[in-house]
Every structure is written in C-alpha cells, then in structure tokens.
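The structure appears below as structure tokens.
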Amino acid sequence: MWVLLLVPFVGLLWVPFYNFQEPALFGFPFFYWYQLAWVPISSLLNWLVYRSRTPDETR
C-alpha cells in the first residue's frame, strides 16, 4: 500500500507528460486541470493507505 503514495509524485513530477494546452476542460488548459485533479486523487490515496494500516502502526 505504501507504493500508492508514490503515484502522485510520478504523476506530477514528470512535467512533459502533461505540458499541453489541449484537451481543455471548462476553459482550463490540460496543464492546469491535470494538476488540480491530483488534489482529490492524492487525498484519496493517502486515506486508503491510512485505512489499510493496523491500529498499532498509526502512532
């Protein structure tokens, strides 16, 4: 489960992957809405990793 925490880093640190204008979403270029989409995705991944831990590991 800890590998899930690396997914946002890989998705956001490799800029040539998302350095495009199209496809636009609600007038926002892909560059911006791709980054903003990672905010809830990262939160969900953090929650999943936290919930998968046993109570002894959470301290």
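None of the figures in this text is laboratory data; all of them are computed from the coordinates on show. What you are looking at is a predicted structure, and each value in this text was computed from that prediction instead of being measured.
For the range 2-52, relative contact order (Cα pairs under 8 Å, six or more residues apart, normalised by length) works out to 42 percent. Could you state the angle between the C-alpha long axis of helix 30-52 and the longest principal axis of the C-alpha atoms of the chain, as a value from 0 to 90 degrees rounded to the nearest 10? Computed tilt is about 10 degrees. For the chain, adding -39500 (n - 2.57) for each run of n ≥ 4 DSSP H residues and dividing by the number of residues yields -16500 deg cm²/dmol at 222 nm. For the chain, the C-alpha radius of gyration divided by 2.2 N^0.38 Å, with N the number of residues, is 1.42.
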